[in-house]
Amino acid sequence: MPCLAFTHARRGPTSPRLSNKHSATKPAGQRGIDDARATQIQASLIKSGYLSGEASGHWDPQTQSAMQKFQEDNGWQTKLIPDSRAIIKLGLGPQQDSNISAGTSSAMAAPSMSPAPGFMQR
């Protein structure tokens, strides 16, 4: 008896069923900058000479332009969301623990050379 192959409709990448499956998910990535962070960035851009006036706390076109110019001058991407390297260079990056950055952490101190308990020295 010959075997018969069952045929079925294949769904391609443009199938409505596949594309609708992902339409309800939240888009990835940052969509805006909150006012407190915008104030910090603006203050640093003013201090660096890329922005004039006072920090408004709003991610406005003047702030976007100043950040793009700052990133361009440093050879980084000039998208609307600030590059992490730009944030660090503006002095707004993650804070380091002073013990770790100084290299004097107690966890990194040299261990004592006393014998383990129960060990007899000769």
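Whole number in Å², please: accessible area per residue of region 38-77, 1.4 Å probe, ligands, DNA and RNA not counted.
Values: 2220 Å² over 40 residues.
Per residue, region 38-77 has an accessible area of 56 Å².
Assuming a viscosity of 1.306 mPa s and a temperature of 10 °C, what translational diffusion coefficient in µm² per second does Stokes-Einstein assign to region 27-93, Rh being the Kirkwood radius over Cα pairs? Could you put the intermediate results ahead of the total?
Values: Rh = 11.8 Å.
Diffusion coefficient, whole number: 134 µm²/s.
The values are calculated or read from the model by the stated rules, or taken from the named source; none is laboratory data. The structure presented is a predicted model; accordingly, all values stated were derived computationally and were not measured. Areas reflect the complete protein model, heavy atoms only, side chains present, ligands, DNA and RNA absent. Shrake-Rupley method; radii C 1.70, N 1.55, O 1.52, S 1.80 Å.
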